[in-house]
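Read through the structure below, which is laid out as structure tokens, and then see the notes.
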Amino acid sequence: MTSDQPPYFNIDPDRALRDLGAPFSTTRFREVAEACARGRSDLASRGMDAEGRKSLRLFSTWEITRYLIPVATPHFRRVLKANPELPQGRSESDGGAKWFTLDEVLRLRAHFAAEGSKAKEYLPYRPKGQPAKMVAVANFKGGVGKTSTAAHLAMSAALDGYKVLVVDLDSQGSMTSIFGGRVEDEWQTVFPLLARHYARHLRADNQLRLDRGEAPLPLDDTLSEALEVKAGDLVQKTHWPNIDLIGAQLNLYWSEFQVPVWRIQSRGWKLWDALTESLEADGVLDQYDVIFLDTPPALGYLTINGLAAADILLVPLGASFLEFDSTGRFFDMLHSTFASIEEGENMAARALGREGLAFEWDAVRAVITRYDGAQQGELASLMQAYLGPVLSPERQDFTALIGQAGEQVNGIYEADYRDFNRETYVRGRATFDETYAGFKRLLLATWRRDELADQEAAE
Ligand SMILES: Nc1ncnc2c1ncn2[C@@H]1O[C@H](COP(=O)(O)OP(=O)(O)OP(=O)(O)O)[C@@H](O)[C@H]1O
Ligand SMILES: [Mg+2]
């Protein structure tokens, strides 16, 4: 065997057989799963606090005055000195930089907003009386950066001072583990909200059945139990003071089987309204500024619920032929899915002389992720030419700063900049800040549109 031959020549079947191992039985899957679980908790335990909770790093004066509160460093120091009741931070060495928790940063921001110059944007724009904006991040192609985009946007919005809720609709639970969520079973996911929505529909439907002299459909234990659940019961705190979570885990996948069964049982159930109406009914939309929905790489019932609930839809994709191609098909599926729901509803609505159903999103944007300017510039320009304004002009660069971190630190905003070369950090952070800026433009514009529409309606 000569070494310049490719590795797939001269493979000896007998040697290969010796390395093969016994055939795989079903139980072996469990063994592998258990080994993964052990490894995972080992990884997860590194960098956790005593109770095994994730903790967020501290923020330095440099970072606060550069990224978080628009004040000059000397002024920031003066204000702290003049107000000893404000958080003063802590330093690792005498005269060293001062570090603050995010909670403290939020208190400082509130102080500047109350006392500082009114001309400065200490608090981000949030029109009064408008509900939270719901943002779904979706694409049926896997690994395109949905979770990373949603997590980074949630963190940037939180750093910007918004109150954020993250809803994990993916039974893989990646978003949940980024935010250190603990989910025992499907009862701590959105599942009971979908079940409750159906149960309420079924109760109303049963009344009609009784009126017609028909037998009512039974509410089984699941549905009766779901009627007791409130969205607030499902919300968990995270290691970010202003990010809350409704988590997911594997059992959430059960919804994909259960929902169609309910739908067949009672045709009139508007399953696509389940998530929005449940969150709305429980006042969740008034408690937060922005709600991010991370969806699985599939156009299943959970994704459809997330998409239907969304005001803003972001579709991440890489600047590669395969991802462009498959994203085109994703839009095609969005069209056929929602058009067929509208058609089905509108046939019934017309028959009853009622107003029809027309889904509407405030804004839909494709977002290029993991962008490599040196290799992908041409393809990205081509995509821009074909997609026009639907493709967000901010391209999120590929950065080694994310993805390589472990369980404790997720993404650029959780990483401590002292672990990186300052230049690398500033560039890596800039690309996610750009993504956020692009998103924030949409957020502000859509809120403003609603605010103006309400004003006009009131006149
Ligand atoms: N800007 C980026 N630079 C470098 N790596 C990235 C970037 N964005 C995402 N990644 C990496 O790409 C991989 C896939 O990202 P992510 O999990 O966010 O995709 P996804 O669409 O949510 O996947 P799934 O379809 O499985 O839910 C991850 O390993 C992530 O760390
Ligand atoms: Mg994901």
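The values are calculated or read from the model by the stated rules, or taken from the named source; none is laboratory data. On a predicted model such as this, the values are computed, not experimentally measured, just so you know. Methodologically, a virtual Cβ is constructed for each residue, glycine included, from the backbone with ideal geometry; neighbour enumeration extends over all protein chains shown.
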I'm told Glu256 meets every condition in (1) within 16 Å of ligand 1 (Cβ to nearest atom); (2) out of contact with any strand residue (DSSP E or B) (no Cβ under 8 Å at 6 or more places or on another chain); (3) closer than 30 Å to Pro393 by Cβ; (4) not β-branched (Val, Ile, Thr) except one. Can you identify the failing condition by its number? (3)
Any residue in the range 138-159 that's small (Gly, Ala, Ser): show its pairings with residues that are within 9 Å of ligand 2 (Cβ to nearest atom) and part of a loop (DSSP other than H, G, I, E, B) at Cβ separation under 8 Å, as long as the two are six or more apart or on different chains. Ala138/Thr295; Gly142/Pro297; Gly143/Pro297
If we scan the range 336-348, do we find a residue that is modelled with pLDDT of 95 or more, over 17 Å from the mean Cα position of the chain (by Cα), of a type in the set (A, V, I, L, M, F, W, C) and surrounded by fewer than 18 Cβ atoms within 10 Å (Cβ to Cβ)? no
For the subset of the range 20-61 comprising residues that are in a helix (DSSP H, G or I) and at pLDDT 90 or above, which member is nearest to Met155 (Cα to Cα)? Thr61
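So, Val183, is that one within 16 Å of ligand 2 (Cβ to nearest atom) and over 16 Å from the mean Cα position of the chain (by Cα) or not?
Values: within 16 Å of ligand 2 (Cβ to nearest atom): yes; over 16 Å from the mean Cα position of the chain (by Cα): yes.
In short, yes.
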Selected residue [buried (at least 19 other Cβ atoms within 10 Å of the Cβ) and within 16 Å of ligand 2 (Cβ to nearest atom)] from Arg370, Arg365, Arg395: Arg370
Single residue of Glu323, Glu277 found to be within 15 Å of ligand 1 (Cβ to nearest atom) and assigned by TED's automatic domain parsing to the domain that holds Glu378: Glu323
Looking only at the range 253-276, count every residue that is surrounded by fewer than 16 Cβ atoms within 10 Å (Cβ to Cβ) and either acidic (Asp, Glu) or at positive phi (or both) and tell me the total. 1
So the helices (runs of 4 or more DSSP H) completely within the range 253-359 holding 3 or more residues that are touching a His at 6+ places or on another chain (Cβ under 8 Å) are 274-281
Give me a count of the residues in the range 85-110 that are more than 20 Å from Glu414 (Cβ to Cβ), outside any helix (DSSP H, G or I) and among the small types (Gly, Ala, Ser). 4
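Quick check: is even one residue across the range 235-242 free of Cβ contacts under 8 Å to residues at least 24 places away in the same chain, in the same structural domain as Asp160 (by TED's automatic domain parsing) and either touching a Phe, Trp or Tyr at 6+ places or on another chain (Cβ under 6 Å) or not aromatic (Phe, Trp, Tyr) (or both)? Before the answer, list the steps.
Quick first cut of the range 235-242, residues free of Cβ contacts under 8 Å to residues at least 24 places away in the same chain only: 237.
When the remaining residues are screened for being in the same structural domain as Asp160 (by TED's automatic domain parsing), the result is 237.
Going one step further and asking which of them are either touching a Phe, Trp or Tyr at 6+ places or on another chain (Cβ under 6 Å) or not aromatic (Phe, Trp, Tyr) (or both), we end up with 237.
Checked against the condition, which is being free of Cβ contacts under 8 Å to residues at least 24 places away in the same chain, in the same structural domain as Asp160 (by TED's automatic domain parsing) and either touching a Phe, Trp or Tyr at 6+ places or on another chain (Cβ under 6 Å) or not aromatic (Phe, Trp, Tyr) (or both), the range 235-242 yields at least one hit.
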With respect to the numbered conditions (1) closer than 30 Å to Ala400 by Cβ; (2) of a type in the set (D, E, K, R); (3) in contact with a strand residue (DSSP E or B) (Cβ under 8 Å, 6 or more places away or on another chain), which one is the sole condition not fulfilled by Asp325? (3)
Name the single residue, out of those in the range 158-177 being more than 16 Å from ligand 2 (Cβ to nearest atom) and in a loop (DSSP other than H, G, I, E, B), that is surrounded by the fewest Cβ atoms within 10 Å (Cβ to Cβ). Lys163
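For Ser156, are the conditions met, namely being within 10 Å of ligand 1 (Cβ to nearest atom) and either under 30 Å from Arg107 (Cβ atoms) or not β-branched (Val, Ile, Thr) (or both)?
On the way: within 10 Å of ligand 1 (Cβ to nearest atom): no; either under 30 Å from Arg107 (Cβ atoms) or not β-branched (Val, Ile, Thr) (or both): yes.
No.
To keep it simple, each residue is scored yes or no on (1) more than 13 Å from ligand 2 (Cβ to nearest atom); (2) of a type outside the set (Gly, Ala, Ser); (3) part of a loop (DSSP other than H, G, I, E, B).
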{"position": "Phe112", "(1), (2), (3)": "yes, yes, no"}
{"position": "Ala119", "(1), (2), (3)": "yes, no, yes"}
{"position": "Pro124", "(1), (2), (3)": "yes, yes, yes"}
{"position": "Gly129", "(1), (2), (3)": "yes, no, yes"}
{"position": "Met134", "(1), (2), (3)": "yes, yes, no"}
{"position": "Asn139", "(1), (2), (3)": "no, yes, yes"}
{"position": "Thr147", "(1), (2), (3)": "no, yes, no"}
{"position": "Ala150", "(1), (2), (3)": "no, no, no"}
{"position": "Ser156", "(1), (2), (3)": "yes, no, no"}
Inside the range 353-379, can you point out the residues that are aliphatic (A, V, I, L, M) and under 24 Å from Ala445 (Cβ atoms)? Ala358, Ala363, Val364, Ala366, Val367, Ile368
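Among the aliphatic types (A, V, I, L, M) and either in contact with an Asp or Glu (Cβ under 6 Å, 6 or more places away or on another chain) or at pLDDT below 95 (or both) - does that describe any residue in the range 225-236? It would help to see each step written out before you state the result.
First, pick out the residues of the range 225-236 that are among the aliphatic types (A, V, I, L, M): 226-227, 229, 231, 234-235.
Then keep just the ones that are either in contact with an Asp or Glu (Cβ under 6 Å, 6 or more places away or on another chain) or at pLDDT below 95 (or both); that gives 231, 235.
Yes.
What do you reckon, is Ser266 modelled with pLDDT under 95, in the same structural domain as Lys146 (by TED's automatic domain parsing) and among the polar types (S, T, N, Q)? Quick ask: steps written out before the conclusion?
Details: modelled with pLDDT under 95: yes; in the same structural domain as Lys146 (by TED's automatic domain parsing): yes; among the polar types (S, T, N, Q): yes.
Criteria met by Ser266.
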Across the range 403-420, what is the total count of residues that are within 16 Å of Phe59 (Cα to Cα) and at pLDDT below 80? 2
Tally up the residues in the range 259-312 that are within 16 Å of ligand 2 (Cβ to nearest atom), in contact with a strand residue (DSSP E or B) (Cβ under 9 Å, 6 or more places away or on another chain) and either polar (S, T, N, Q) or free of Cβ contacts under 8 Å to residues at least 60 places away in the same chain (or both), please. 2
